[in-house]
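Take a look at the structure below.
Every read-out reported here was derived from the displayed coordinates using simple, explicitly stated rules and does not represent laboratory data. Just so it is clear, the structure is predicted and the values come from calculations on it, not from any experiment. As a convention, Cβ positions derive from the backbone with ideal geometry for all residues, glycine included, and neighbour counts pool all protein chains shown.
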Amino acid sequence: MTSRRNFLGFSSVSAMIAAAAASSTNAQPAAGAEQSKSTNAQNYNPVRTPNGWTLPHTEKDGIKEFHLIAEEIEHEFAPGSTAKCWGYNGTTPGPTIEAVEGDRVRILVTNALKEHTTVHWHGLILPSGMDGVGGLSQPQIAPGETFAYEFDLKQHGTHMYHPHADEMTQMALGMMGMFIIHPKEPEPIDRDYCLLTHNWAMHPGTFRPDPSVMIDFDLWSFNSKVFPAIEPIVARTGERVRIRIGNLSMWNHPIHLHGASFNVTGSDGGRWPQTAWRSESTEIVGVGQTRDIEFTATPGDWAFHCHMSHHTMNAMGHDIPNPTGVNMRGLEGKIRDHLPGFIAMGEHGMAEHQQHIDAGHHPGPINTLPMMSGSGPYGPIEMGGMFTLVKVRDDISPQDFRDPGWYQPPVNTIAKRISGNPNYGKPPRKPSTYE
Ligand SMILES: [Cu+2]
C-alpha cells in the first residue's frame with residue numbers, strides 16, 4: 001500500500017504539486033441559491049448545504065416520501081482533483097434530508113452499487129427494524145434492490161445518515177449525508193447552514209479514495225469539498241446565523257470561527273435550552289457527533305476552519321526530513337541531476353510552497369492539489385482542506401447567498417506596516433536566568 005507517509009520523500013514534497021486550484025473561494029457555482037429561496041409553508045427556514053443540495057420529496061397519504069440511490073459518482077474536491085467516489089443521488093455528501101418533528105417519513109433506498117448496502121439514520125429515535133444495521137436489524141439491500149424505511153420523526157435536531165454495511169469502505173468513499181429535523185415551532189434563525197466533515201485518503205496521483213487508511217489522510221473536507229472550493233458562509237450584518245456541523249470522518253475536528261464568540265446551541269439532541277448554551281470560539285465536533293453553533297453576524301471576512309493545522313492543508317508528505325533551518329543551496333543542483341524539478345524549500349518555513357506552486361515552477365503528481373492554496377486581496381492565504389470564510393456585509397438581501405467578494409475594511413481598521421527596519425524598537429525579551 002502506498003500511504004501518504006511513504007509516497008512522498010522530501011524532494012517530492014519540495015517539488016509539489018499539480019495544477020493550482022482556483023484562486024477564488026467561489027470556485028463552485030453558487031448553486032443552491034434556490035435551496036433557500038422561500039420560507040417553507042411548514043413554517044421553517046430551510047437549511048442551506050454549501051456546495052450541496054436538499055433532497056426533494058413528495059407527499060403521499062400524509063407521508064413525506066424521499067428516494068435515495070446509492071451509486072458510484074465522479075466527484076471534484078476542488079479544480080485539479082477528481083475521484084471516483086460513492087455517494088447518493090449523484091453527489092457526496094448525499095443530499096440533505098429535511099423534515100419537521102412529527103412528520104412521518106418514508107425513505108426509499110435503491111442500491112446501484114455492486115455490493116450490498118443499508119442506510120442507518122444516525123441519532124434518530126425509531127423502531128429497531130428501521131435502524132439500518134445490515135444483518136442485525138434488516139437484511140442487506142442487494143445490488144439492484146430498493147428498500148423502504150418508514151418511521152415517525154419524534155425529535156428535532158441535526159442528524160446524519162450513512163451506510164451500516166461495509167461501512168469502512170462505503171463511508172471512506174463518501175457515502176453520508178445530513179438529516180435535519182426542524183422543531184414544530186419556528187426558531188429565531190435567519191440563516192441556517194449545514195456542513196459535514198470528512199477525510200479522504202486520496203494518495204497523490206490516484207483517482208480513488210483508499211478505504212484502508214486509518215489516520216493519514218490527504219484531504220479534509222466540508223461537504224466533500226476542500227478550500228478554496230468551499231462556498232463561503234454569507235450573512236448580513238446583525239443576522240442570527242446557525243452552522244450545523246456533523247462529523248462522520250475518522251478524526252475529531254476543533255472547529256474555530258474568527259471574530260465572534262459563538263454559542264454552542266444544539267446537537268442531535270435538538271436546540272438546547274438556553275441555560276445549556278456555551279460561549280466558545282472553538283468547538284470540538286467529535287467523530288459521530290453533531291454540534292450547532294450560533295452567532296450574530298458582524299461585518300468582515302472571517303476565517304472558519306478546523307484548528308488541526310494539518311486539516312487545513314491538502315495533500316502533503318509526512319515523515320520527511322525536517323528542512324527547517326537547513327541550507328540546501330549548494331545541494332540543489334546536485335539533487336536536481338537525479339530529481340528534475342527539485343527546488344530546495346522549507347529552510348525558512350513552508351510559506352514559499354504556495355509561491356512556487358502559484359508561479360508554476362514544478363508540476364507535481366497528476367490529480368493532486370497543492371498543499372496550500374487560495375488567494376485573498378493581500379496575497380496567498382496558504383490554506384487548504386477544512387477552511388472557508390464567513391462573509392458578512394451590511395447590504396446583503398435576505399435570500400442572497402452569493403459570494404460578495406472581498407471585504408473593504410473601514411479606514412484605519414487594517415493592520416499596516418510602520419517600519420521595514422529589523423532592528424526597529426526595543427521589544428522586551430525575557431531575561432536569561434543565568435545572567
Ligand atoms: Cu480537523
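Numbers at a glance
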quantity: Beta bridges per DSSP with both ends in segment 4-309, % antiparallel, nearest 5; calculated: 70
quantity: Segments 55-65, 251-261, 287-297 sorted - mean Cβ within 10 Å per residue, highest first; calculated: 287-297, 251-261, 55-65
quantity: Long-range HN-HN contacts of Gly385 with modeled amide H, under 5 Å; calculated: Trp220, Phe227, Asn314
quantity: Distance in nm between pseudo-label sites at Thr298 and Glu72 (7 Å out along the Cβ direction from Cα); calculated: 5.0
quantity: Theoretical ellipticity at 222 nm over the chain - DSSP helices of four or more residues, -39500 (n - 2.57) apiece, nearest 500; calculated: -1500 deg cm²/dmol
quantity: Value of Rg/Rh across segment 4-309 [Cα atoms, Kirkwood radius]; calculated: 0.96
quantity: Degrees between helix 329-338 axis and first principal axis of the chain (Cα, 0 to 90, nearest 10); calculated: 60
quantity: Nitroxide proxy distance, nm - points 7 Å out along Cα→Cβ at Lys334 and Asp403; calculated: 4.5
quantity: Residues whose placed amide H lies under 5 Å from that of His159, excluding near-sequence neighbours; calculated: Phe179, Ile180, Ile181
quantity: Aspartates and glutamates with Cα under 15 Å of Lys64, excluding same-chain neighbours fewer than 8 positions away; calculated: Glu98, Glu101, Asp103, Glu150, Asp152
quantity: Residue with peak Gaussian network fluctuation, the chain [Cα springs, cutoff 10 Å], from Thr368, Thr275, Thr82; calculated: Thr275
quantity: Entries in Lys60/Lys154; Lys60/Lys184; Lys84/Lys391; Lys154/Lys225 that, when Cα-Cα distance is taken, lie over 29 Å; calculated: Lys84/Lys391; Lys154/Lys225
quantity: FRET efficiency, 1/(1 + (r/R0)^6) with R0 51 Å, evaluated for Ile414 and Arg104 via beta carbons; calculated: 0.40
